[in-house]
Amino acid sequence: MMKKIVILGSTGSIGANTLDIVAKFPDHFSVLGLTAGTNDQKLEEQILTFQPKLVALASDTAAQRLRARLGNHSVDILSGVEGLCAVAGLTESDLVISAIVGGAGLMPTMAALQAGRPVALANKEPMVMAGQLMQEEACKRHNRIFPIDSEHSAIFQSMEGHRKDDVRRIILTASGGPFWEWSHDQLTHASPKEALQHPNWDMGAKITIDSATLMNKGLEVIEARWLFDMPPTHIDVLIHRESIIHSLVEYCDGSVMAQLGLPDMRTPISYALAYPKRVPLYPNSLNLAQIGALTFFQPDWERFPCPRLAYEALEQGGGTPAVLNAANEVAVKAFLDGTLPFLDIAHIIQETLNGYQPLPMTSIGDALEIDRWARERAATLTMA
């Protein structure tokens, strides 16, 4: 059966990889809707190639430019948050790929769930900001959230066919990023250019910096707590430099299941797209003999404190993870802009958290208000 898909964030790395798979398997998948932020030129190319029914840009100006160029093309072009949510909620879709970077993905992802659409989640931030609310919405509509993040996809695959009650712990693997072997003094002078040189993965700028600070593991711990209904005390992190084992699940009898593969995001994307089937993505097998050795290390929360902050935010609960996420986005942007030293990213997050009084979060409106407050406070701190 042909699956009709919607891609939220089609011009980013996850969106581009998803469309690459669609192009390789035109008998399996068709594109119903696409959204982007401001990149109207790349979206135009995707429209002409994949012929979606409906598209949206977050930027009204970019949408106007696209309408002017496409003229009488049959595609409808929307804009703003309302437009993104309209594309996300297309009821004809069989699967919504949620790949909008950062907190901007929260509302469209929730719109897809509210429309009763299965969601394949690539961006961590919606689950970090409002994971409980999202899972409640999915359960209410007898819906599913499939993970695309390589680590969470690995956990998902390693738990398939097993009883959740038998799981002792889940182990998220981390490459350690480009700075794993750097000293504290070296990290003091780390530049954006150096931080963007990830040793294994080809990703967008924000997630690559999160990998350099190891905040990506902190966000993944929070996401895993909600995706798999697992208490944080049963979620561990292990440094695995080769990025071949994407995560592991340990069971009560001592058995450990792991998912291995090349560091290519198309593998977890294709699994989410084709589930419960798989598509023949690679002509060649993983050559473990050629790789030779797989290495593992305990994480160092002294040099890389961001994951520790995430565990603490998860323990405090309420809106605290949303504060952590917002402060991290602001601090990462300041670092990429060259106005904040690398080691001050964690400092800005900590100081933002210190100013927050944890409150219950009962609605998406609460999450958005907490996000707004945290961004304002973090921005003030970066300018101090």
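None of the figures in this text is laboratory data; all of them are computed from the coordinates on show. The shown structure was predicted, so the numbers you read here are calculated from the model rather than taken from an experiment. Glycine also receives a Cβ, built like all others from the backbone with ideal geometry; neighbour counts cover every protein chain displayed.
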What aspartates and glutamates sit close enough to K164 to cross-link, taking a C-alpha to C-alpha distance under 16 Å and skipping anything fewer than 8 places away on the same chain? D229, E250, D253
Pick out which of S13, S93, S363 has the largest mean-square fluctuation in a Gaussian network model of the chain, springs linking Cα atoms closer than 10 Å. S363
Apply the membrane-span-like helix rule to the chain: whole DSSP H runs, Cα extent along the own long axis of at least 20 Å, mean Kyte-Doolittle hydropathy at least -1.0. List the helices found. 125-140, 320-336, 364-382
How charged is the neighbourhood of M107? Take every other residue with its Cβ under 12 Å from the Cβ of M107, and add Lys/Arg as +1 and Asp/Glu as -1. -3
Determine the distance separating the Cα centre of region 135-190 from the Cα centre of region 8-30; give it in Å without decimals. 23 Å
With the dipole of the chain defined by +1 on each Lys or Arg Cβ and -1 on each Asp or Glu Cβ, the option from G319, G9, Q135 whose Cα lies farthest towards the positive pole is G9
Under a Gaussian network model of the chain whose springs join Cα atoms within less than 10 Å, the largest fluctuation of G365, G176, G37 belongs to G365
Along principal axes, largest first, the alpha-carbon spread of region 329-384 in whole Å comes out as 36, 19, 15
Taking the number of other C-beta atoms within 10 Å as the exposure measure, put I345, I47, I291 in order starting with the fewest. I291, I47, I345
Mind listing P(r) for the chain? All alpha-carbon pairs, 10 Å bins, whole percents. 5, 24, 33, 27, 10, 1, 0
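Just tell me the longest site-free run in the chain, where the sites are GluC sites (Glu not before Pro) in a DSSP loop having at most 12 other beta-carbon atoms within 10 Å. Kindly include the intermediate steps, with their values, before the conclusion.
On the way: sites that count: E92, E160, E181, E302.
The segment 182-301 is the longest one with no such site.
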What lysines does K53 reach when the alpha-carbon gap must be under 25 Å and sequence neighbours fewer than 8 apart in one chain are set aside? K3, K4, K24, K42
Taking the Cβ of each residue in S74, S270, S79 as the centre, tally the other Cβ atoms inside 10 Å and list the residues starting with the fewest. S74, S79, S270
How high is the relative contact order of region 269-375, in percent, counting Cα pairs under 8 Å that sit 6 or more residues apart? 26 percent
Under a Cβ-Cβ cut-off of 9 Å, what is the net charge of the residues other than M230 that fall near it, where Lys and Arg count +1 and Asp and Glu count -1? +2
Calculate the dipole size of region 152-382 relative to its Cα centre from +1 charges on Lys and Arg beta carbons and -1 charges on Asp and Glu beta carbons; express the result in debye to the nearest 20. 480 debye
Within the chain, percent of DSSP bridges classed antiparallel, to nearest 5: 30 percent
Mind telling me which of L286, L133, L172 comes out most flexible in a GNM of the chain, alpha-carbon contacts under 10 Å? L286
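With 20 Å as the cut-off, how large is the P(r) tail for region 3-123, expressed as percent of Cα-Cα pairs? Intermediate results must be reported in sequence, preceding the final value.
Details: 2312 of 7260 pairs.
Of the Cα pairs, 32 percent sit more than 20 Å apart.
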Stokes-Einstein D (µm²/s) once Rh is taken as the Kirkwood radius of region 309-358 over alpha-carbon pairs, at 4 °C in 1.567 mPa s: 119 µm²/s
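Please order M2, M215, M107 by the number of other Cβ within 10 Å, starting at the fewest. Mind showing how you got there, number by number?
Working: M2 10, M215 28, M107 19.
Ordered from fewest to most neighbouring Cβ atoms within 10 Å, M2, M215, M107 come out as M2, M107, M215.
Nearest 5 is fine: what % of DSSP beta bridges in region 169-262 come out antiparallel, could you say? Could the numbers behind the result be given before it?
Details: 9 of 14 bridges.
Within region 169-262, antiparallel bridges account for around 65 percent of the total.
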